[in-house]
């Protein structure tokens, strides 16, 4: 019983002594950069990437010596699952990771050796950058955040405007693609309907327009009468597609010296004609 009583205070002392040691544990700080599905370009104003980039650059600035010394690496994970196969997704994920790292190298002044990169053909279309930071001591007082200058405020406003403009362009592009796809589907359906033998809309000429087009005058002649020196001429008026009024006239005057004979002929022949109209 005495051993148990002595062991209990020892156990409590060890437990309380272990609490301050937790202040030295390391916490993870992760920034996520969004990408347009099927695209490997890194748009800084898109999907809040500008805010994540500013947060990561500030973190890198504070820990730049440790990062360049190799004790605080940047863990980069690229993801893509919007393409056809695993190879294409892995290739796109690698390109996305390289674009994010290039942006950090250019802006923060670090090198490729500061990164540990992995690529994945799953989960989505984004790149994560994780920086394992030492947790602050419990007694440490966090410094106050300095106020933003006018230039920083204007830069943030410009970045926000660029982000909104990029989102509007993406929405307009998606709407244009949707309209093009709908038009292509409509043309395909019409083509399929024509191939299936569906009846087409045929605009027929009204009978009134047809009859009015056929109401005209015509001049007629009989070439056989003209060959026998009995010229004739006729005028026809089509009052209806099936009915017409014809007025023919002919004239001749023959003479010879046998006892002074003379032969003369003239005639006028009105006619009413009926035509069989075949549709």
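The values are calculated or read from the model by the stated rules, or taken from the named source; none is laboratory data. Predicted model, so just to flag it, every value in this text is computed and none were measured. Virtual Cβ from ideal backbone geometry, glycine too; neighbours counted across all protein chains shown.
List, please: which pairs have Cβ atoms under 7 Å, are six or more places apart or on different chains, and start with a residue in segment 224-235 that is surrounded by fewer than 13 Cβ atoms within 10 Å (Cβ to Cβ) and end with one that is at pLDDT below 85?
229/252
Out of the residues in segment 225-243 meeting the condition of being over 15 Å from residue 265 (Cβ atoms) and not in a loop (DSSP other than H, G, I, E, B), tell me which one is farthest from the chain's Cα centre (by Cα).
227
Taking residue 65 as meeting all but one of (1) closer than 22 Å to residue 162 by Cα; (2) free of Cβ contacts under 8 Å to residues at least 40 places away in the same chain, write down the number of the exception.
Looking at each condition in turn, residue 65 falls short on (1).
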